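Worksheet: one structure, shown below.
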Amino acid sequence: MSNYKAPVRDIQFVRNEVLDFDTHYRGLGLHDVNAELCDAILLEAAKFAENELAPLNRSGDEEGCQLTANGVQAPKGFKAAYEKYCEGGWPSLSAPEEFGGQGLPGSVDMMVGELMGQANQSWSMYPGLSGGARATIYAHGTDEQKALYLPKLIEGAWTGTMCLTEPQCGSDLSFLRTKAEPQGDGSYRVTGTKIFISSGDHDLAENIVHIVLARLPDAPAGTKGISLFIVPKYSPNDDGSLGERNAVNCGALEHKMGIHGNATCVMNFDGAKAFLIGEENRGLACMFTFMNGARVGTAVQGITHAELALQGAWRYASEREAGRALTGIKSPDRPADLLIVHPDVRRMLLTIRAFAEGNRALAHFLIKYIDVSAYSKDPDLVAKGDKMLAMLTPIAKGFMTENGLEAANLGMQVFGGHGYIREWGMEQNVRDARISTLYEGTTGIQSLDLLARKVMGSGGELLNLLAGEIQASLADLNDDEFTPVLLKALAEWQTITAEVGAACADDVNELGSAAVDYLMMGGYIALAWMWTKMAVVAKQKLSEQEDSFYRCKLATARFYFQKILPRTLTHAALIRAGAESVMSLTDDDILSYQQ
């Protein structure tokens, strides 16, 4: 039986006490959405995650998926859990009401998604990508496509995938070769191979809707010649019933480091019947609807892996006895003291906690802007929200997944040798966490997007907008403990930005060399902002009554500022060291190197 416990109180703290989602929803005209409703949904999601999904996490990892003559079979119990998921109406939470959804904001869906990902990341990926497929069809599909595909995706009878990567092209899609041939009747035939397709084939749902990038005949070279297509596993009839089996199949299952319970497939399209979404040769722009949502979803995995590490390591360190406290024996009636007496163990535990809870606050703060984009009637507010999303999304995706992986490794470290053993779950958490920094754009790609496109590309506008929001927020918080430290770090980030801009005017490699350190520096500042918000609330609550929950919050905030935020100084030094040593070897030197 799994020991996973949904972090309900901390989610309620972030949403209700720190970020005031009630006021947020009222401001968007969502008067039926409030803390009472969200708490009820959260508690039901917690039950489902703890009782249905968490018990399948280890067994799914050990069993993995099987490729049979009839397609891919998910691990035992996964299909039954998915049926209960659909019966509970979970796929429809934030889907549009006109197609059978419940019409709740995406921030509610993210709250639920966090718990399901923590309980069983591999399982949660099967329905997880369906939201992106729905959003893409809703944003770019025809009325007929919406009417045919959305109701089934929303009820969960069908799931969705995102098919971009090919053997010869990953992040650089200009090498994409999959072809789409028009058939003269409004349909196309798609031929090609896609790899690394999460949930590409399985037995959980009756149909799978693949969202596929492909090239039309005579399309322009590069990314400007890519179009987007719907390719269903079974071609649906006009009434939504299943028609003939389409020419798309799983050719192989990828052999992966982690997330073994999810079917990551090599998908072969052999003249599969397909339908264009959006305009010809504008497929990449349409696919960004899917990818941007997936990047936020991947950022949430940074919470997932830090939270799992926190629960496992905190519990273990509170029960395991080893060594004696440096200040003297704490448990004289026992042969050793608890692990928690050791400063280094506490360092690891507090680092994990700072990332888990800081990431949670940042993710919920970010998702507010997605709500604004979807529901606000104020064009100026929507424009501002879109700019904040543009700035914060690469930071969240890159930084949160990197520190989630760090937290997972620290969680294993707290266990010592036991952490390397499967039965404790810490090594699975590390293996599952590793992919998060890679897919939906590696940390390096997120960093280039942030520095080159968002910051430099906007002439500093997006950075100044974020900095202004931080400064205004800190003025409202009126805190003299954390604010001066954060403002100093923010000013240094702005100074570094100007220095990098000047340096890359002479050598663009300066930008590429600085990008990851720049993103990480921004991430530590963003998390410090969230911890300041949480600390101010904790101080206020503690002034009213003693509560260990708020004491832990305040202690973790102080730990973050004293022990983690100073990492920005190292990143600043690395940026200022420039690109010379990075680029000092010639291409010939590297190509001629042999062991």
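The values are calculated or read from the model by the stated rules, or taken from the named source; none is laboratory data. Everything numeric in this text was worked out from a predicted model, so none of it was measured. Glycine gets a Cβ as well: all are built from the backbone with ideal geometry, and neighbour counts include every protein chain shown.
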ask   = Do we find that Ala285 is of a type in the set (A, V, I, L, M, F, W, C), more than 18 Å from the chain's Cα centre (by Cα), in a helix (DSSP H, G or I) and more than 22 Å from Val430 (Cα to Cα) in this structure?
value = yes
Candidate set: the range 433-454, residues that are crowded, with 24+ Cβ neighbours inside 10 Å and hydrophobic (A, V, I, L, M, F, W, C); chosen: the one nearest to Val500 (Cα to Cα) = Leu451
inquiry  = Please return the ranges of helices (runs of 4 or more DSSP H) entirely within the range 52-135 where 1 or more residues are touching a Ser or Thr at 6+ places or on another chain (Cβ under 7 Å) and buried (at least 23 other Cβ atoms within 10 Å of the Cβ).
reply    = 57-63, 106-119
message = Cβ contacts < 6 Å: first residue over 13 Å from Arg453 (Cβ atoms), restricted to the range 387-402; second residue charged (D, E, K, R), any location; separation 6+ or different chain. Result?
response = Lys397/Arg295
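This table checks each residue for (1) in contact with a Lys or Arg (Cβ under 7 Å, 6 or more places away or on another chain); (2) within 23 Å of Gly271 (Cβ to Cβ).
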site	(1), (2)
Gln183	yes, yes
Ser187	yes, yes
Thr193	no, yes
Ile197	no, yes
Leu204	yes, no
Lys224	no, no
Val231	no, yes
Ala247	no, yes
ask   = So which of Gly258, Gly283 is touching an Asp or Glu at 6+ places or on another chain (Cβ under 6 Å) and surrounded by 16 or more Cβ atoms within 10 Å (Cβ to Cβ)?
value = Gly258
inquiry  = Could you go through the range 223-231 and let me know if any residue there is touching an Asp or Glu at 6+ places or on another chain (Cβ under 8 Å), closer than 14 Å to Arg177 by Cα and polar (S, T, N, Q).
reply    = yes
request  = Mind listing whichever residues of the range 136-146 are part of a helix (DSSP H, G or I) and either over 30 Å from Glu83 (Cα atoms) or in contact (Cβ under 8 Å) with a residue 12 or more places away in the chain (or both)?
outcome  = Thr136, Ile137, Tyr138, Ala139, His140, Gln145, Lys146
note = Across the range 147-169, the tally of residues that are touching a residue at least 24 places away in the same chain (Cβ under 8 Å) and either in a loop (DSSP other than H, G, I, E, B) or not assigned by TED's automatic domain parsing to the domain that holds Lys233 (or both) stands at 5
request  = Determine if the range 14-22 includes at least one residue that is crowded, with 22+ Cβ neighbours inside 10 Å, among the β-branched types (Val, Ile, Thr) and in contact (Cβ under 8 Å) with a residue 40 or more places away in the chain.
outcome  = yes
inquiry  = For the range 467-481, check the following and say yes or no: at least one residue is of a type outside the set (Asp, Glu) and over 21 Å from Leu362 (Cβ atoms).
reply    = yes
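What number of residues in the range 150-187 are among the aliphatic types (A, V, I, L, M) and farther than 17 Å from Lys224 by Cβ?
5
Can you say whether His202 is crowded, with 21+ Cβ neighbours inside 10 Å, within 22 Å of the chain's Cα centre (by Cα), closer than 26 Å to Asp61 by Cβ and not hydroxyl-bearing (Ser, Thr, Tyr), as far as the supplied structure shows?
Values: crowded, with 21+ Cβ neighbours inside 10 Å: yes; within 22 Å of the chain's Cα centre (by Cα): no; closer than 26 Å to Asp61 by Cβ: yes; not hydroxyl-bearing (Ser, Thr, Tyr): yes.
It is false that His202 is crowded, with 21+ Cβ neighbours inside 10 Å, within 22 Å of the chain's Cα centre (by Cα), closer than 26 Å to Asp61 by Cβ and not hydroxyl-bearing (Ser, Thr, Tyr).
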Residue list for the range 568-591, filter: on the phi < 0 side of the Ramachandran plot and surrounded by 15 or more Cβ atoms within 10 Å (Cβ to Cβ) = Thr568, His571, Ala572, Leu574, Ile575, Ala579
request  = Can you tell me which residue among Lys330, Lys377, Lys384, Lys368 is in contact with a Lys or Arg (Cβ under 9 Å, 6 or more places away or on another chain) and either not assigned by TED's automatic domain parsing to the domain that holds Met291 or not aromatic (Phe, Trp, Tyr) (or both)?
outcome  = Lys330
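Taking the options Ala452, Ala489, Ala467, Ala475, name whichever one is without any contact (Cβ under 8 Å) to a residue 24 or more places away in the chain, assigned to a helix (DSSP H, G or I) and among the hydrophobic types (A, V, I, L, M, F, W, C).
Details: Ala452 fails: without any contact (Cβ under 8 Å) to a residue 24 or more places away in the chain; Ala489 fails: without any contact (Cβ under 8 Å) to a residue 24 or more places away in the chain; Ala467 fails: without any contact (Cβ under 8 Å) to a residue 24 or more places away in the chain.
Exactly one residue qualifies, and that residue is Ala475.
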